[in-house]
Structures are given as structure tokens and as C-alpha cells.
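Chemist: One structure is given below, represented as C-alpha cells, and several questions about it will come after.
No value in this document is a laboratory result; all are computed from the given coordinates. In this text, all values refer to a predicted model and were calculated from it rather than measured experimentally. Neighbour counts are summed over all protein chains in view; Cβ atoms, including those assigned to glycine, are modelled from backbone coordinates with ideal geometry.
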Amino acid sequence: MKSLSWAVVGIIAAVALAAGPAVAAGTDWGQLGVADTDRVEKIVQVTDNSADDRVSAPYYTSYFYTDAWRSGSQWIVYTSIPVNSGLDTESSEIWVVKPDGSGANKLTENSVEDANAGFTPDGNDIVFERNVICEPPKVASGEQPGIETRREIWKMGFSESGLGTDPVSLTLEHLGPCEVPPLQSRNGCVGIECIEDEKFAKVSPDGTMIAFLAYEDSGSDLVQQEGWYLWVMDMDGSNPRKVSGSVEIFGCNEPQHSWSPDSQWVLFTGKGGTHGKAVIYRTKPDGITPPEAFTPDDINLNSIWAVWSPDGAKIAYTRHETIEPLPLTPGIDMIYQSTVTLMDPDGTEKTDLVTFENYDGEFQIPGPKSWDPGSTYIAYTVREFNGDLKGTIDSSRSIWMVSRDGLENIQLTENYCDFEPRWSPDGTLILFADDKYNVSRDGNEGVSGSKEAPGETTSTYDLLVLYFDIDETFDDGDGVTSTEESGPAGDDPAYDGDENGTPDYLQNSAASLHAESGDYVTLGLDQTNNASFNEDVQAVPPPGTPPNGLTFPLGFFSYSIDIDEGACTTVTIYAPKDETITSFWKYDDTNGYYEFLYDGTTGAEIFHDADQTRIVLHLCDGQRGDADFTVNGTIVEPGAPSAGAWRPIPTMGQWGVILLLALMAGAGFRMVRRRKK
């Protein structure tokens, strides 16, 4: 627990310096400060400048959190301190705003601090921190009476207008009322009995658990464990369990824990047992499995900010390393390296993607990283120093992104102090902040006065959103443009036709496009056996002359699939419901048209669900249905769902031909006799 004076250290509460023009929320800066003008369409400021609006933060809270985006990418939640409220302001509030700067709405309003808010995966609730004043205040014997506080984890319902609904303390569920016992009463406490504060709540992707940091203090001269540790509780605040064991959290002022996409694991940054440096650990949320170190405890190395890729296949983290320059360079005692590194989910197969060396006023990679929802790119911040290795003199910060394969490292912004990127769930936007204390687009360079230092200028922030040109930025390798895959009207980048949780334009395993009929369909590929669409998925008219009696309501689909040689996979066509579709036909130059129904190995199965028709194609390299008839690691597919019944043009067998000839001969004989008569 902290006294209220500790809790408000650094709170900004003053009048902004009038260093620049008043800028309203929703200001479109165009490509001001954009480094890659092909990929980035524009930057929009979603909060007003600090003289008029709300955005700033004390050192221990985040202006926006790791789960700042609501599912659907239509809302952002953030923390605000009203800088124009007077010097006695001792609170921060939770706000939401749309990514175009409209719809700003305050969700909390009270005299205490609310901070570090994030959406639950379903977008219905917001989990946040509240610094609760303990009632009645109690103090240890011999201490001066004073107000005591406890940081708690709370939850409330999201609201587009008005305050958040049904706010409830989750901490209260397992810690009970906020009371300050004498220090002697905590002597020898164990586990949950030692918790004083809780913060940095992160909800698991399945929405059933919350990982958070808890401060433990035994209150004894013989300290058992004192510091911040990682805990997990159920969504209602019950069943709390400590999951970091004896490993103390490293960098407790920043939320460096991350869930795996399947909610089975939690990554966190802890202090190594030998040197106390930052080490990446993985643990289960059961409170039983001991944490496992994934990076070394090296005196010259800090491994931080580990975050899982959305597909669960990789973990990205940052390495800060100090090395002696070889050969020694005059005037340079040490080189500092910052590297974005990937590793497998079990901590093996580490691969460096991009490295910046820091010496004589160079660069550093600070803060969190953010994956795009397709697990292709990692957004991060580059901090450029102005002649100071320690970083006390900032020149600028900029947003970059590096591809998962390390082949592309792209600078997105420049010339301002842009940092802490957060990718939107649909992948088309990045939320970030710029720091007014250094340089901001609206020219307001900070807020004067704070509770601790009234005469000093304290940093404040604008929140901005970067808009991508998705056709220029993303290529999932299926040959269909990102706009075409963004729903029937091309205006829904979150469109997910195969319903696997990833927008179709970001994944090679789904190709959404208009059929020849004009209907909008999705082709979903099972990527077992390394199957992937080539860049040739397209809708085409039926080739040649279709068989008699058949129609193809959707037209044909043509594509090829790379796959392990001789292996099999499935492609599922999701189409508007059409119960006239009863079969599937294929075409190749050798066989022409032929029916392709499932025979136990290859062929089509047709299902009419409640709201769609679903065709599952079983395809194997080199077998029936592969138009190149070769085991070569490529399946070639031209085919289409069909309606109607094939009616073959009547033909005659051998005896029919003999009978016809006999009839013709008889008719000829009669004609000859008539002429003779």
C-alpha cells in the first residue's frame, strides 16, 4: 500500500503551455510525419491538444493499454487526466473514443485514479485499475495518521455514451475490504495474505482468466518475499493463484506479461536469479507449474517485452545488450545493441530480425511491440538519441514494422516523437502516442506544473491513429487484393469468411472474392501438409461447352495449391445458401468435364447449412481432381458447384447401329423396286 501522496507522484494538473494552435480531436494530419507514403494513407489525431483535452499520464499509468482496441476496431479505450482542471486534481479517468476522433465518452468520474484500461476479448467489458481509498484508514502504531490507498483490479461494462455500467472490484472478491492493518499483523504472512496492491490486468484470449501483477510485502524485518509477482484469477475475481513462483517481476512499472493465443501459457519478464537482469519466462496459469526461463540471465543482457504472435507460432521480444567494441574505438567505451528477436513457443530457434547499435548518439528499440492480426509484421518503436547514450536527451521516436521473415524493415513515421504502437484487430490501423515534451504535430510542447514540481513542464501526449493503404501494405499471397477480400463492398477489412478469427485479407488460407455470378464467397484452405494458395485464386467462367442439363450457379473457381509432394488437403467453399447446388464438376484438357463427388479419398461433399451452402473439396497431389495428374507438390484446381442433372445426348450401341443399317438398306431396296415398276 502507498499513501495518497505516493500515488499521485507525477500527476499532471495544470494549464497547458500555449505553444501552438488549438487542435480538435479528429484532425487529419494527412501524411505529416509519414515516412512511407505508399503504405500509410494518413495520420489522424484522436484527442485534442493538452490545453483543451484530457490525455496525459503519471509515470505509473499508461495513457492507453495493450488491449486498447475493442474487437471490431471501432473503439479505443485510454486513460486521461484533465489538465485544465486546476492544481488540486488528483484523479485520472477512463475514456473511449472512435479512431476518427469522434464519440469521445468518459466512462469513470470520481476523485480517485482510474488507469490501465483494456477491453475484454468480446468487447463487452473493460478491465481497469482503481486506486481505492481505504475506509476507515488505519495505521501502524507510532505512525502519523494518514489516508491509505490500495490499487485494485476493477471491471465495468462498455458504454458508447454515459458512464461505464456495473463497475465492480475484482480485487475485493479475494482480498476483502480495503483496510490497512498494523505492520506487525503481516509478520510471516503467506501468499495472498501479503498482497497490498494489484495492477496491469490482462484478460486471457478465451475470456476466462485475468493475469495481473500483485505487490507482496511480509511487513517483517525478515522479509520472505517483497516485490511484484505475477498472479492469475478467474474473471469474477475468484480463485487467485500465484504463477511466477519465486521469480520477481522485472520492470514493474510496465505491463510486460502476455497470453498465448490458446490461453494455455503466460509470458512474463522476471529478474534472473544470478545477476537480476531481465529474463523471459513462460508459465502456465494454474499456479502449480514452475516458470521456465527462455532467455539467459546475462550481466550484459536484458530480454524484455515478449509477445506471442496471433497464430501462436512465434514469440517476439527485445534484447538490450552491452558489448565492448572490437577493435576499441577512441571515445567509445561500450556499444549498446537493441534487437527484435523471434523464438519458437518453447523458447528454441531464436532468430534476430533487426538490430540497432547505440553509440555516439544512435538508436534504441524501447517499449512494447505489436503483431498485426495476420502474424506477418511486428510494429515497434525506434528511439533516436541526440548525443547521449543514456537517453536523457531525446531527438525523436518513430514507428517501424519488421516482417516475420526479417526481409522487410519499414519506417512508418518520422520527425516526431511517436511511440508505443498498437495494431487494430482488423489490421488496417495502428494506435500510437506522440510526446509533447519533445515534439508533437500540434506544436503543444507540454503542460506546466505538477503536484510534486509546480514550476516544471511535464510531458503530455496526443493519441493518433495511422491508416494503412492495405493493398500497398499487405499481400497474403493468394492473388486476391486486400480490398477485394474486405467483404462484399470492399469496406470491411475485418471480414472473416472462414470464421477463424483472422481477417481474410491477412491470411493465405482464406481467399474471399466475388464469384462470376456476383455472389461473394470464401475459399478456406486447410494448411495441413504445408498447403498454401499460390497467387492465382480467381473466379472464371465455365470453360468450353458445359455438359447438357447442368448449370454452374457461381461460375468456376481456378487456383493452384503448393503442398508436400503426394499429400492431401481440403478446400471449403463458403457460399450463399443455394439448395439447387447438388454436385461438383471439374474440367481439364485431357478429360474435359467430369463429376467430382467424394469417393472416400478425393471429391466434393455438399452441405446446406442454416445460412450458407458449404462445399468441402478433398484434394490430393497427383490423384483424381489434380488437373496436372502429377505428384509434384502442386494441386491444380479448376472446378465449380453445379445445379441440375446431367442429361447425356442419346447415342447408339453396336446393335443399334446394325439395326439402323438394316432399316436403311430395306428402305433403299423398296425405293429401287418402286423405280423398276
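Chemist: Given a Förster radius of 51 Å and the C-beta distance between ASP122 and PHE629 as r, what FRET efficiency does 1/(1 + (r/R0)^6) yield to the nearest 0.05?
Modeler: The pair ASP122/PHE629 has a calculated efficiency of 0.60.
Chemist: Could you order the peptides 467-475, 252-260 from most to least packed, using the average number of other C-beta atoms within 10 Å per residue?
Modeler: Order by mean packing, descending: 252-260, 467-475.
Chemist: Hey, another quick one. Given points 7 Å out from each Cα along the Cα-Cβ axis, report the SER102 to ALA313 separation in nanometres with one decimal.
Modeler: 3.9
Chemist: Amide H to amide H, which residues 5 or more places from LEU597 or on other chains are under 5 Å from it, using H placed in the peptide plane?
Modeler: Excluding prolines and chain starts, which carry no amide H, the hits are ALA604.
Chemist: Hey, what do the phi angles of the range 65-77 turn into as Karplus ³J(HN,Hα) couplings, whole Hz, using 6.51/-1.76/1.60 and θ = phi - 60°, x for Gly and Pro?
Modeler: 10, 5, 9, 5, 8, 7, 4, x, 6, 9, 9, 10, 10
Chemist: Which residues in the range 625-644 place their backbone N less than 20 Å from a point set 7 Å from the Cα of THR545 along the Cα-to-Cβ direction?
Modeler: Under cut-off, by backbone N: 643-644.
Chemist: Long-range amide H contacts for TYR559: which residues qualify at under 5 Å (H placed 1.01 Å from N, peptide plane, sequence gap of 5 or more or a different chain)?
Modeler: Hits under the 5 Å cutoff: GLU637.
Chemist: Give the cross-link partners of LYS284 among the aspartates and glutamates, using a straight C-alpha distance below 12 Å as the criterion and excluding same-chain residues fewer than 8 apart.
Modeler: Partners within reach: ASP262, GLU292.
Chemist: Using θ = phi - 60° and the Karplus form 6.51 cos²θ - 1.76 cosθ + 1.60, what ³J(HN,Hα) does each residue of the range 168-174 get, whole Hz, x for Gly and Pro?
Modeler: In residue order, the calculated couplings are 9, 7, 7, 4, 4, 4, 10 Hz.
Chemist: Using the structure shown, list the pairs from LYS242/LYS277; LYS202/LYS277; LYS369/LYS577; LYS202/LYS350; LYS42/LYS577 with a Cα-Cα distance above 31 Å, or answer none.
Modeler: Long pairs (Cα-Cα over 31 Å): LYS369/LYS577; LYS42/LYS577.
Chemist: What does the highest-first list of 231-241, 633-643 look like by mean Cβ count within 10 Å?
Modeler: Most protected by this proxy first, the peptides run 633-643, 231-241.
Chemist: Moving on to the next point. Whole-Hz Karplus ³J(HN,Hα) for the range 115-131, in order, using 6.51 cos²θ - 1.76 cosθ + 1.60 and θ = phi - 60°, x for Gly and Pro?
Modeler: Result, ordered by residue: 7, 6, 8, x, 6, 6, x, 7, x, 7, 10, 10, 9, 8, 10, 9, 8 Hz.
Chemist: Sorted by average packing, counted as other Cβ atoms within 10 angstrom per residue and highest first, what order do 611-619, 166-174 take?
Modeler: Top to bottom by mean Cβ count within 10 Å: 611-619, 166-174.
Chemist: Using modelled amide H (1.01 Å from N, peptide plane; none on Pro or chain starts), what sits under 5 Å from the amide H of ALA510, excluding residues fewer than 5 places away?
Modeler: For ALA510, the qualifying residues are LEU525.
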